[in-house]
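Some notes on the structure that comes next.
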Amino acid sequence: MVTQPVQQTSPTFVGMPKFPVAAREALANTQQRTNLHNATHTIREKRAAVVGEVDDWEALRVAGAEAKDEALHHLGDYLEQLEESLTARGATVHWARDAAEANRIVIDIARAKEVDEVVKVKSMATQEIELNEALEEAGIHAWETDLAELIVQLFGDRPSHILVPAIHRNRTEIRDVFLRQMGEFGRPAPADLTDDPARLAEAARLHLREKFLRAKVAVSGANFAIADTGTLVVVESEGNGRMCLTLPETLISVVGIEKVLPTWDDLSPMLQLLPRSSTGERMNPYTTMWSGVHDGDGPQEVHVILLDNGRTHVLADSVGRQALRCIRCSACLNVCPVYERTGGHAYGSVYPGPIGAVLNPQLRGTASEVDQSLPYASSLCGACFDACPVRINIPELLVELRGTVAEQGGHRAESAAMKAAAWVLSDPRRLAVAQRGATTAGRLIGKRTIRKVPGLGAWTDARDVPTPPKETFRQWWAREHGDGTTTQRAADPGGRADGIPTSNDGTEPGGER
Amino acid sequence: MSAREEILARVRSATADVTTEKRPVARSGSGSVPSQQPDRAISRETLELFAENVADYRATVVRVPAEQVAATVVEQLRAAGLGSVVVPTGLDAGWTAALDGAFDVLPESDATSAQTLDGIDAVVTGSAVGIATTGTIVLDHAPDQGRRELTLVPDTHVCVIGQDQVVHDVPEAVSLLRTPEGAQRALTWISGPSATSDIELQRVEGVHGPRTLIVVLVDEGARADVTAG
């Protein structure tokens, strides 16, 4: 019997507090909240505009989901085909069971090339395996070349959004860190640098060009890996990807096994879905496609590392495997009312937002505090499902995961509260007593907000308790229609617990019996 | 067990419940670029949409009849005040001749390193496919487009595209760009100049790739006409 092991939580995120604790801290960061609000709303609007231009967006979503499902359902076959196509075109294919194995392969190649630095294209997979940290430990500098990733790296910080990882920083902070840090790692920023974004981008261009021109080895991920042609695809905006994928002699791409697309033609829905969902553009500025080694053009030594790291564990769940369709567009982050307020760091992983709330506990299992809490980091409003270009039913998966957490005995206070609620709600007399208690409390509390209730710590840590009403519907009904019948009937076991009269109480249009 | 065997075993066991059949293999795509299909009908609207969407990315679009291409390329480079230009080996001989008289021309064969290219102002190329709905130009790095680094390191890219190379949408382009047998070519899809919105989401044109993109659209129906700049 083959088992699919979960992903080991990477060192950065070991011991992360549960989501509500980290979220409360993030909520206090007003700069971040302002930036996030602006960013998510701006991208949301742009996305809506370009999605609206497409005649039948829903048909595209279905085609995208089908292409990914085809690949996932027959993943063994397509991975073997991908390997064969890549090898036939001069690439070397490696397989990595987990992060440590993938990192070791990259380090071994870099060492064989006798380099002490690599340039990197922004890649979620290499963030997931914490490749940069592993390379540094091996004495090899990893230079992030995406502007936002460079900013994050100079700060010694973590990304907070998949698409715009430095969105929690403002331009003045960025100018300061450029002036302070660039000189430490290469060409310094010009002394007269202002906080104009164009000047900042220019400083990054000059700082990084030096590195692009001398780098011998580059590391990338891939957005798609096409099985029948052995083509890898990287979608980007700035041109740093093209630099890394074109200029160095050796290229190493770390590709999650779920990135496979069966055929070349499957690119057609994907290249329409991804840019519109991600940056809200009809097409992103640059896309590079390479199939192994191209004679005399670009890297002449091409390595592809196919990475599991918990993905087969997700794949083994027949409902949950749809999360592996994810193309990392971040549309779900931008529409999420929770993400918009907490930002990405509270999710305790490189995958934030709604998809992170699903993927992290799927990949890593639900043993840690943070992974147990993530399925609850949602109001289940469903905006993420609507926005998802490959129709991942995120709310459905969150509910499934909540079930898993509850079954293993997590959230004991919540299950106790639910049992108590069931006891009260199943008997109208108990409900009437409870409601009298609640309205009395409501009159005493008035307009104040209840932030903590003794004994309900786990519940009220995450939310403010609604102030109880001064009057329930049933009390209001009794007062407005003061014949006392409803109150009496509500207390009568024949009536419904919610106080709505049942049909045999004579109030139906059918009249008395 | 090797990592390969183990991962494949995990995958096969994880998908053991799947009952759907694998999709039949359908070989589609004609595999030839549109310039080799001269009888393909060009819709006027498609051309207009292409020009409009390319210009929307703040690229410059110039529409000229074929006989004016060489002069237009020279004129655009002059107007930008540029002195040196690299040309791919297979670039139209007439265009290369026109450039020779006006600029320091570096042939592709002499552009042996990225460092050399870093000292060059501009590159002039042909292209493989244009996509109207997205305003995209696809390079397949055939001899008239050169190696990938040629169109990456210099700061200005002048790209000539024929009206018969413009298709309506992404699916048409994808199927045209598939090589029928053997290896796929390396492709670069370009939609406007490089850009970033990483600082407070404010769009900045031009980070690492060419910061200026000039598209010369060979349009037999048009007088010389600059759409945007």
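The values are calculated or read from the model by the stated rules, or taken from the named source; none is laboratory data. Treat the numbers as computed from the prediction; the structure is a model and nothing was measured. Ideal geometry is used to build each Cβ from the backbone, glycine not excepted, and the neighbour counts take in all protein chains shown.
The residue that is modelled with the lowest pLDDT, among those in the stretch B:45-96 that are assigned to a loop (DSSP other than H, G, I, E, B) and buried (at least 19 other Cβ atoms within 10 Å of the Cβ), is B:Tyr57. Exactly one residue out of B:Gly135, B:Gly126, B:Gly130 is small (Gly, Ala, Ser), closer than 25 Å to A:Pro275 by Cβ, within 18 Å of the chain's Cα centre (by Cα) and away from chain A (no Cβ under 14 Å), and it is B:Gly126. Restricting the stretch B:156-200 to residues that are of a type in the set (A, V, I, L, M, F, W, C) and not in a strand (DSSP E or B), the residue that is surrounded by the fewest Cβ atoms within 10 Å (Cβ to Cβ) is B:Ala183. Tell me, please, whether a residue that is out of contact with any strand residue (DSSP E or B) (no Cβ under 6 Å at 6 or more places or on another chain), acidic (Asp, Glu), farther than 16 Å from A:Asp266 by Cα and free of Cβ contacts under 8 Å to residues at least 40 places away in the same chain can be found in the stretch B:151-171. No: zero hits. With respect to the conditions (1) more than 10 Å from every other protein chain (Cβ to nearest Cβ); (2) in contact with a strand residue (DSSP E or B) (Cβ under 7 Å, 6 or more places away or on another chain), A:Gly183 lacks only one, and its number is (2). Across the stretch A:332-379, the number of residues qualifying as under 15 Å from A:Ala26 (Cα atoms) and among the basic types (Lys, Arg) comes to 1.
Taking the criterion of being surrounded by 24 or more Cβ atoms within 10 Å (Cβ to Cβ), of a type outside the set (Ser, Thr, Tyr) and under 22 Å from A:Ser10 (Cβ atoms), the residues of the stretch A:333-349 that qualify are A:Leu333, A:Gly343, A:Gly344, A:Ala346, A:Gly348. When the stretch A:165-179 is limited to residues that are surrounded by fewer than 21 Cβ atoms within 10 Å (Cβ to Cβ) and without any contact (Cβ under 8 Å) to a residue 24 or more places away in the chain, the one that is farthest from the other protein chains (Cβ to nearest Cβ) turns out to be A:Leu179.
Please give the helices (runs of 4 or more DSSP H) falling wholly within the stretch A:267-364 in which 2 or more residues are away from chain B (no Cβ under 12 Å). Walk me through how you get there before you give the answer.
Details: elements: A:267-278, A:311-315, A:331-335, A:337-342, A:353-364.
Here the list reads A:331-335, A:337-342, A:353-364.
Evaluation of B:Pro38 against the conditions (1) modelled with pLDDT of 95 or more; (2) surrounded by fewer than 17 Cβ atoms within 10 Å (Cβ to Cβ) shows that the sole unmet condition is (1).
Number of residues in the stretch A:242-265 that are farther than 24 Å from A:Glu128 by Cα and more than 9 Å from chain B (Cβ to nearest Cβ) equals 1. Criterion applied to B:Val166, B:Val158 was being within 28 Å of A:Lys211 (Cβ to Cβ) and more than 10 Å from chain A (Cβ to nearest Cβ), and the one residue passing it is B:Val158.
One line per residue, one yes/no per condition, for (1) within 10 Å of chain B (Cβ to nearest Cβ); (2) modelled with pLDDT of 90 or more:
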| site | (1), (2) |
| --- | --- |
| A:Gln4 | yes, yes |
| A:Gln8 | no, yes |
| A:Pro11 | no, no |
| A:Lys18 | no, yes |
| A:Ala28 | no, no |
| A:Asn35 | yes, no |
| A:Ala39 | yes, no |
| A:Arg44 | no, yes |
| A:Glu53 | yes, yes |
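At least 1 residues that are touching a Pro at 6+ places or on another chain (Cβ under 7 Å) and either crowded, with 19+ Cβ neighbours inside 10 Å or on the phi > 0 side of the Ramachandran plot (or both) in each: list the helices (runs of 4 or more DSSP H) lying fully within the stretch A:1-84 that qualify.
Working: elements: A:19-27, A:30-52, A:57-73.
Qualifying helices (runs of 4 or more DSSP H): A:57-73.
Among residues of the stretch A:132-152 being surrounded by fewer than 22 Cβ atoms within 10 Å (Cβ to Cβ) and not aliphatic (A, V, I, L, M), the one that is farthest from the other protein chains (Cβ to nearest Cβ) is A:Gly139.
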